1. So how many residues does the range 239-261 have that are in a strand (DSSP E or B), in contact with a strand residue (DSSP E or B) (Cβ under 7 Å, 6 or more places away or on another chain) and not aliphatic (A, V, I, L, M)?
2. Output the residues belonging to the range 165-198 that are part of a strand (DSSP E or B) and of a type in the set (Gly, Ala, Ser).
3. I'd like to check something: does the range 212-227 contain any residue that is within 27 Å of residue 120 (Cβ to Cβ), loosely packed, with under 13 Cβ neighbours inside 10 Å, among the basic types (Lys, Arg) and under 29 Å from the mean Cα position of the chain (by Cα)?
4. What pairs can you find where one residue is in the range 273-292 and under 25 Å from residue 226 (Cβ atoms) and free of Cβ contacts under 8 Å to residues at least 60 places away in the same chain, the other is among the charged types (D, E, K, R) and surrounded by fewer than 14 Cβ atoms within 10 Å (Cβ to Cβ), and their Cβ atoms are less than 6 Å apart, with a gap of 6+ or different chains?
5. Consider residue 146 carefully, then state whether it is among the aliphatic types (A, V, I, L, M), over 30 Å from residue 55 (Cα atoms), assigned to a strand (DSSP E or B) and modelled with pLDDT of 90 or more.
6. Would you mind finding the one in 70, 103 that is over 30 Å from residue 139 (Cβ atoms) and modelled with pLDDT of 90 or more?
7. Filter the range 1-45 down to residues that are at pLDDT 50 or above and either in the same structural domain as residue 164 (by TED's automatic domain parsing) or in a loop (DSSP other than H, G, I, E, B) (or both), then give me how many there are.
8. Sort through 73, 123, 104 and tell me the only one that's within 30 Å of residue 205 (Cα to Cα) and buried (at least 20 other Cβ atoms within 10 Å of the Cβ).
Amino acid sequence: MRIAPFLLASCAVLAAGQGAGAATLRPFVQIDGAVVRLGDLFDDLGATPDRALGRGPLPGARIVLRAPQLAAIARDFAVAWRPATGGEQAVVERRADILPPALITDAVRAALRGAGAPEDFEIVAPEIQPVLIPSGSHAAPSISQLAYDPQTSHFTALVSVDVPQMRSVSMRVSGDVIAMVPAAVTAQHLTAGVTLSANDIRTQRVRASLLRNAAPIPRDSAIGMVLKHDIAAGVALTAADLGRTLLVARGSLVRMSLTADGIALSAQGRALDSGAMGEHIRVENPLSHLIVDADVTAPGQVRVIPRPATITLVAAQ
């Protein structure tokens, strides 16, 4: 590691004589500021002033002072200390805090939102390298040179971190914007024909791309619907996966009703289609073999849609 300039050259003599008592070397010390002082290296300075020696290490870094350097500093600053073995050393480490990567991600997210990113999205990017800042300081990342392509969802941005007493740290961050939506997701494996209950599905944020360009189904709307096919656990549901509960099965007997011109008629018919509440199906009169259109109104019941000759059809029963 590069040694600070003040450790490589002798300083001017600031005091003529040694202190009365012997000073003690501090083999390891942590500092908070940007400057190394004489008192960081030696205890018991006596009357010797605690002078600033020079620039210290960067936050999180350290410098190692060997015996010859320490002896020169002690001599030049009139500190009563001399190396005994020649193997003495002092390690000076600067305390540091790690700027939370979440702060950087939040700053990028805010910039992307202003650049037209979806309302709800996640960022997929390589791991952001930690930034060390002086202990106890605060920093707010700034974003510049942002480039975002809505077509590919890719972005690049220059992130800068400025902290007093420390040179600016810049990094380039790139990644992809993933649009997210709330959707009804299966809580377990389900089979075709199951009527969904509250225990079968949960609301979860999912990638919009998983919906296959379809609109998500809210959980409350999905409850009571019927699955059209088997589906695995953890799958976001769309309208293509669901149907309404069948009240009429194809081939079953149904009660037909018709109201027209103040006349209410009813008869039995055979459903040619399956249908849920409100759906249109075809119904055949078993006697006349005429086919009418009807709306499903209840289990096993339909309301015939009036048309010419319909009254004759129903009245014949």
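The values are calculated or read from the model by the stated rules, or taken from the named source; none is laboratory data. Just so you know, these numbers come straight off a predicted model, no measurement behind them. We place every Cβ from the backbone using ideal geometry, glycine too, and count neighbours over all the protein chains shown.
1. Counting residues in the range 239-261 that are in a strand (DSSP E or B), in contact with a strand residue (DSSP E or B) (Cβ under 7 Å, 6 or more places away or on another chain) and not aliphatic (A, V, I, L, M) gives 3.
2. 168, 170, 174, 175, 179, 183, 184 - these are the residues of the range 165-198 that are part of a strand (DSSP E or B) and of a type in the set (Gly, Ala, Ser).
3. Yes, that holds for at least one residue.
4. Going by the 6 Å Cβ cut-off, the qualifying pairs are 273/250; 274/250.
5. Answer is yes for this residue.
6. Only one candidate qualifies: 70.
7. Total meeting the criteria: 10.
8. None of the others qualify; the one that does is 104.
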